Amino acid sequence: MRDRLAGLLVPLFSAPSSESWGIGEFSDIPALARWALRAGFGMLQMLPLNEMDRHEYSPYSPLATMAFDPQFISLRDVEDFIAIGGAAALDEGARRDLDRARSAPAVDYPSVRAVKEQALRRSFDRFLETEWRSRSHRAQQLEQYRRDQSWWIDAYALYRAIRLSEHGRSWKEWPQGLRCGERDALEAARVDLAREIVYGQYVQWLAESQWQAARRAAAPVAIFGDLPFLATIDSADVWMRQDEFLLGVRAGAPPDDFSAKGQDWGLPPCNWEVMAARGDTWFRQRARRMSALFDGYRVDHVVGFYRTYVWPAVGPAYFLPAGEADQLAQGERLMRIFLDSGARITAEDLGTVPPLVRASIGRLGLAGYRVLRWEREWDRPGSPFRNPASYPRTSVATTGTHDTESLAEWWESTSSEERLTLLAFAGADAGGPPDVERRVLDVTTRDRLLELLYASGSDLLVLPVQDLFGWRDRVNLPGTVSGSNWTYRLRWAVDRLESEPEPRRRAADVRAMAERHARI
């Protein structure tokens, strides 16, 4: 990748093609990348792709931090599914789920997950019968994958198999031997659940094979991942490392622009002392996995690695570790693990972030985020905006994230004085004097704001797809649980982006911006 480039933030679940099953899939990535390349983007930023619980929508609450979510598998490209007749092999209820998922205006997770589970189960039945038992070439490929990924997939597949045998109950409700990971109980489970264990490994083999094929087909566009800060309490990770997490308290975020009261995520915080004593193995493994799957990745909630905001069962919330010296030492130790992974790293340093964190990631050479609306001289009267031209090279310029309101919504809520101040950076030759009293974000003003960021000093520019078009759609509203969170879908199928008039025009316009500001 060039040092100076533009990237596009698009959640994979938001980007289905006309052939996919109501959700963006791995096989849809090349079509999205072709349009992105036409628009001058050298990078696609994804949200986390980790497996989630069947009732969970947030990709930041993973059921397993090493595993792909099967909902992203493209069944149309699964050899076993094709061999059994494809969608015709599904029962009537599953075909109804498929029709409902495809016609829904947003991601219908229950329907997507139900139909894909049946399709994958029937594909696996065929694989066992015709491939596994005959020790075919494909069976040998799965065996090789199991050996290569044994460092994480063995325990993961065992966890998934036990969880199914326990009817989806939390591991805290399993029989004691399984709950506590006693050797004899686990060995017995491996024997009793051998078929289900292979199924879990088969699904991950399919997922990773499609993912790596999609990455190759997307080149030269780089694919960036997103590393969630924590995992859910009912996850493979926490079950395997119970004493490395604090199970009686909950992690969250202190009050900030997203939430006046702070956020309680319900996730178990890390037991930092125990993790450090064991060489931070969990983070080393996660860094290894991310660098194998992505060209680079964003470290979510980077401040949490320095200090975690903890909600106890009783009493006020507190930071862990408590002292700044310990926070600094811990955060820099963990950041070096990510930097040593070999991938290009960005750090989401938004929210309530103490100065020591920003200074630290600067020293380490991590690219922190510069959100246009929040980059201000906060110590000066009126808190004026910073000129994006002054953003440091090692930073990520952006209009917002998956958690923020869209640029259009923000523009309509801010004052005319702030609009005028911000647009003044664009210069007098940028289309005439701006109409700052006009509340609706018009096309000219939208492009003035985007061009400010294309011209910024940041080597990396990442634009949410909604802001690229000036849409009001939102991915997530932090601090809320809603059926509309994490369900956003693009207005066109990704395989039609290059033929639809509006995205074709938009691609030409933003490519011209990228060329003007050396981001091609």
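Tabulated results
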read-out: GLN204 vs. criteria polar (S, T, N, Q), surrounded by fewer than 21 Cβ atoms within 10 Å (Cβ to Cβ) and more than 26 Å from TYR369 (Cα to Cα); value: no
read-out: Residue tally, condition over 15 Å from SER458 (Cβ atoms) and crowded, with 19+ Cβ neighbours inside 10 Å, over region 354-367; value: 2
read-out: Selection from region 467-517 of residues that are out of contact with any strand residue (DSSP E or B) (no Cβ under 9 Å at 6 or more places or on another chain) and on the phi > 0 side of the Ramachandran plot; value: GLY470, TRP486
read-out: Lone qualifier among THR308, THR281, THR346 - being in contact with a Cys (Cβ under 8 Å, 6 or more places away or on another chain) and either at negative phi or of a type in the set (Asp, Glu) (or both); value: THR308
read-out: Breaking point among (1) free of Cβ contacts under 8 Å to residues at least 40 places away in the same chain; (2) under 25 Å from GLN285 (Cα atoms), for THR308; value: (1)
read-out: Qualifying residue in region 481-497 (condition: surrounded by 13 or more Cβ atoms within 10 Å (Cβ to Cβ), under 28 Å from ARG4 (Cβ atoms), modelled with pLDDT of 95 or more and β-branched (Val, Ile, Thr)); value: yes
read-out: Matching strands (runs of 3 or more DSSP E) fully within region 336-426 where at least 2 residues are out of contact with any Gly (no Cβ under 8 Å at 6 or more places or on another chain), more than 24 Å from TYR297 (Cα to Cα) and basic (Lys, Arg); value: none
read-out: From VAL191, VAL198, VAL238, residue being within 19 Å of LEU267 (Cα to Cα) and assigned to a helix (DSSP H, G or I); value: VAL238
read-out: Test: residue in region 178-186 that is in contact with a strand residue (DSSP E or B) (Cβ under 8 Å, 6 or more places away or on another chain) and modelled with pLDDT of 95 or more; value: no
read-out: Any chance ARG307 is at pLDDT 95 or above, surrounded by fewer than 23 Cβ atoms within 10 Å (Cβ to Cβ) and either closer than 14 Å to THR65 by Cβ or charged (D, E, K, R) (or both); value: no
read-out: Tally of residues being in contact (Cβ under 8 Å) with a residue 40 or more places away in the chain, part of a loop (DSSP other than H, G, I, E, B) and not charged (D, E, K, R) across region 253-282; value: 6
read-out: Test: ARG113 is closer than 19 Å to ALA207 by Cα and either of a type in the set (A, V, I, L, M, F, W, C) or assigned to a helix (DSSP H, G or I) (or both); value: yes
read-out: Extreme residue, surrounded by the fewest Cβ atoms within 10 Å (Cβ to Cβ), among residues of region 391-450 that are modelled with pLDDT of 95 or more, farther than 13 Å from GLN466 by Cβ and among the small types (Gly, Ala, Ser); value: SER395
read-out: Restricting region 186-242 to residues that are among the charged types (D, E, K, R) and in contact with a Lys or Arg (Cβ under 8 Å, 6 or more places away or on another chain), the residue that is nearest to GLY342 (Cα to Cα); value: ASP226
read-out: Residues being within 20 Å of ASP3 (Cβ to Cβ) and surrounded by 19 or more Cβ atoms within 10 Å (Cβ to Cβ) - total across region 505-520; value: 4
read-out: Within region 184-201, considering residues that are within 30 Å of SER74 (Cβ to Cβ) and among the charged types (D, E, K, R), the one surrounded by the most Cβ atoms within 10 Å (Cβ to Cβ); value: GLU196
read-out: Identity of the residue in region 31-69, assigned to a strand (DSSP E or B), touching a residue at least 60 places away in the same chain (Cβ under 8 Å) and within 12 Å of the chain's Cα centre (by Cα), that ends up surrounded by the most Cβ atoms within 10 Å (Cβ to Cβ); value: GLN45
read-out: Total residues in region 207-233, condition surrounded by fewer than 20 Cβ atoms within 10 Å (Cβ to Cβ) and under 23 Å from ARG169 (Cα atoms); value: 1
read-out: All positions within region 310-340 that are crowded, with 22+ Cβ neighbours inside 10 Å and among the small types (Gly, Ala, Ser); value: GLY331
read-out: Residue ID - surrounded by the fewest Cβ atoms within 10 Å (Cβ to Cβ), chosen from residues in region 283-304 that are aliphatic (A, V, I, L, M) and not in a strand (DSSP E or B); value: ALA292
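The values are calculated or read from the model by the stated rules, or taken from the named source; none is laboratory data. Owing to the predicted nature of the structure, the values given are computational and were not obtained by experimental measurement. With ideal geometry, Cβ positions are generated from the backbone for all residues, glycine too; neighbour counts draw on all protein chains shown.
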